[in-house]
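Remarks on the structure that follows.
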Amino acid sequence: MVIKDQKITIQKARVRDVEEIYELIKMYAEQGLLLPRTRESLFENLQAISVAVVDGQVVGAASLHILAKQLAEIRSLVVREDAKGCGVGKMLVQQIVEETKRMEVEKLISLTYQVPFFEKCGFRVIEKVDMPQKVWKDCLHCPKFPNCDEIAMAITF
């Protein structure tokens, strides 16, 4: 599929999108680039997931997870290989940023290996100690804890 010449639509995920989202996340997780997610967790959090769609096919996905009153996280940002470089990731981040602002959450974080990409989207590197809600809620249960090598980044509104 040629993505560059096609219209990319960002929309909320639907039940029928879960398998494509799952396969994208699985591919990145197998490369060690993000944590795996189960199909069940995708169904349970479907309302929080946005997808990029081209010609009826999911070419990217990202989810918004609220951690606390003024802290949210962008999770599981994935883009299909043939859609990289076409603006899909940036469009998904913009969607999550707009959703975060609409909900009046002041800070959006990301734990990532893609520092230059997130910097282009307006995020800056922060210390993990600046997001204790994330550390105590999720990180304690992560297989990478306490040796997480992801970089913490944030954008504040």
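The values are calculated or read from the model by the stated rules, or taken from the named source; none is laboratory data. All values derive from a computational prediction rather than experimental measurement. Note that each Cβ is placed from the backbone with ideal geometry, even for glycine, and that neighbours are counted across all protein chains shown. Note: areas computed on protein heavy atoms with side chains; ligands, DNA, RNA excluded. Shrake-Rupley method; radii C 1.70, N 1.55, O 1.52, S 1.80 Å.
Just a few scattered comments:
- Subset of Lys7/Lys101; Lys69/Lys101; Lys69/Lys90 violating a 21 Å alpha-carbon distance limit: Lys7/Lys101; Lys69/Lys90
- Relative to the dominant Cα principal axis of the chain, helix 88-102 is inclined by about 50°.
- Whichever aspartates and glutamates have a C-alpha closer than 20 Å to that of Lys128, once near sequence neighbours (fewer than 8 apart) are set aside: Glu73, Glu106, Glu119, Asp138, Asp149, Glu150
- Computed lengthening from Lys69 to Thr156, 0.36 nm per intervening residue step minus Cα-Cα distance: 30.0 nm
- For region 55-66, backbone phi angles converted through the Karplus equation (6.51, -1.76, 1.60; θ = phi - 60°) give residue-by-residue couplings of 6, x, 10, 6, 10, x, 7, 7, 10, 10, 10, 7 Hz, Gly and Pro being listed as x.
- 5 angstrom amide H check on Val58, placed H, neighbours 5+ away: none
- Shape analysis of the chain based on the Cα gyration tensor places the equivalent ellipsoid semi-axes at 24, 17, 15 Å, largest first.
- Each of the peptides 149-157, 25-33 was scored by the mean count of other Cβ atoms within 10 Å over its residues; in descending order, highest first, they stand as 149-157, 25-33.
- Note on Leu35 and Glu119: their simple-model spin labels are 2.6 nm apart, each label 7 Å out from Cα toward Cβ.
- Karplus 3J(HN,Hα) series, Hz, for region 18-27 with 6.51 cos²θ - 1.76 cosθ + 1.60 (x for Gly, Pro): 4, 5, 5, 5, 4, 5, 5, 4, 4, 4
- Ordered by solvent-accessible area of protein heavy atoms (1.4 Å probe), largest first, the residues Thr9, Thr38 come out as Thr38, Thr9.
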